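Have a look at the structure below, then the notes.
Just so it is clear, none of the values below were taken in a lab; they were calculated from the coordinates. Note that the coordinates shown come from a computational prediction; the quantities given were computed from them, not determined experimentally. Here the Cβ is made from the backbone with ideal geometry for all residues, glycine too, and neighbour counts use every protein chain on show.
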Amino acid sequence: MARFEARDDGRLGESGPPVRSGRFVGLEVDDMSPRARVATALMVLVPVALSGLFLVAVVPGLWWVFTTYGWISLPAFGLLVRGIAGLREDRTGLASVEGKEKELLRALREWGELTPTRAAIETSLSVAEADRMLRDLAEGGHLEVRVRGGALFYALWTRPTALEAVAIDGEEKGEK
């Protein structure tokens, strides 16, 4: 049984934690992944549809009952649509990030070394995006960081000439 207490605005209301607008059947929809949204929606829609078909097949005179409890499917249908849209966004977002990274790496190959500002000029990235991507690549060990005049320059790793000479000599000795 629900308890009613005086609220801040002076009216009586049900006590308990406030319910945010993003809740669906007790689940926090905004925190769900797109796949979880689709699965949750289907867990509601499939039984409603099957029970409606069963009702119409067994007792055709009570078809109108399906329309009354069929209303429960509307929020689930909205959740399904949001989930499917989220799945599409995830795919395009991933391709977009990969495309931007490839664009940044091409600019690095062309220029040899880049600052985030120069990367933003040479690519479609903003300075903040270029800075974040360059920093992430450097932290992952994929780029060399050089400091000159207080500025950070990011470059692809190069083999020192001494190592190249050893590698060439080693290949030649191995062949003989």
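What to note about this one:
- Fully extending the segment from Arg106 to Ser33, taken as 0.36 nm per residue of separation minus the present Cα-Cα distance, adds 23.0 nm.
- Residue by residue, the range 76-87 carries 3J(HN,Hα) couplings of 5, 5, x, 5, 4, 5, 4, x, 5, 4, x, 5 Hz when phi is fed to the Karplus relation 6.51 cos²θ - 1.76 cosθ + 1.60 (θ = phi - 60°); x denotes Gly or Pro.
- Charge sum, other residues only, whose C-beta stays under 15 Å from Leu42's C-beta, Lys/Arg counted +1 and Asp/Glu -1: +3
- Length gained on full extension, Glu89 to Ala155, computed as 0.36 nm times the residue gap minus the Cα-Cα distance: 20.6 nm.
- Of the peptides 113-120, 28-35, 67-74, the ranking by mean beta-carbon count within 10 Å, highest at the top, reads 113-120, 28-35, 67-74.
- Residues whose amide H comes within less than 5 Å of that of Leu143, counting only those at least five positions distant or on another chain, are Ala138 (H built at 1.01 Å from N in the peptide plane).
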